[in-house]
Amino acid sequence: MKESILDVLLYLFEHYLSEEDTGAVRDRDCLQAELIQAGFSPAEANRAFDWLDALERQRPGPARPREAHGPTRVYAGPELDKLDVECRGFLTFLEQHGILDADQRELVLDRAMALDEDQLDLDDLKWVVLMVLFNQPGSEAAYAWMETQLFGDDPEPVH
């Protein structure tokens, strides 16, 4: 079975990281053993942990005020190859509606580019956004909105 880092991340997120009970969070060795038991390779599990470690290292400092209309993001070659027009448009939408700020957008792009996928579809990108927001202090409302985008039958409009 060919699994990707994203498959491992989604499994971790759905089964462990998003749990309300922080006491349920397990140590890395325990999680790795459970991932291997679930059918993931040790190499992919390690790459997923490295991805999460990089996300944690990029946690922001104190929040800066959001700009109403910041600079326009111009995407470069590899980003254009990995993220189609729909994905790039979604990131612009999120930024224009205050779900992501420019720093968070860049973090989403960094983490999306770090995945071992040649291309990401919109659903994969939404998961990356959700994982980034989950790791951002003060982004609870944006996280909740993104969660409705992934799991809700009738997503709420952005105000």
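Here are some notes:
- From the list Leu133, Leu91, Leu52, Leu125, the lone residue that is at pLDDT below 90, assigned to a helix (DSSP H, G or I) and either within 27 Å of Ile36 (Cα to Cα) or open to solvent by less than 10 Å² (accessible area, probe 1.4 Å) (or both) is Leu52.
- Looking across the stretch 94-122 at every residue that is part of a loop (DSSP other than H, G, I, E, B) and farther than 24 Å from Ala48 by Cα, the one that is most open to solvent (accessible area, probe 1.4 Å) is identified as His97.
- Filter pass, Asp21 being modelled with pLDDT under 85 and open to solvent by 50 Å² or more (accessible area, probe 1.4 Å): yes
The values are calculated or read from the model by the stated rules, or taken from the named source; none is laboratory data. Just so it is clear, the model here is predicted, and its values are computed rather than measured. Only protein heavy atoms, including side chains, enter the accessible area calculation; ligands, DNA and RNA are left aside. Shrake-Rupley method; radii C 1.70, N 1.55, O 1.52, S 1.80 Å.
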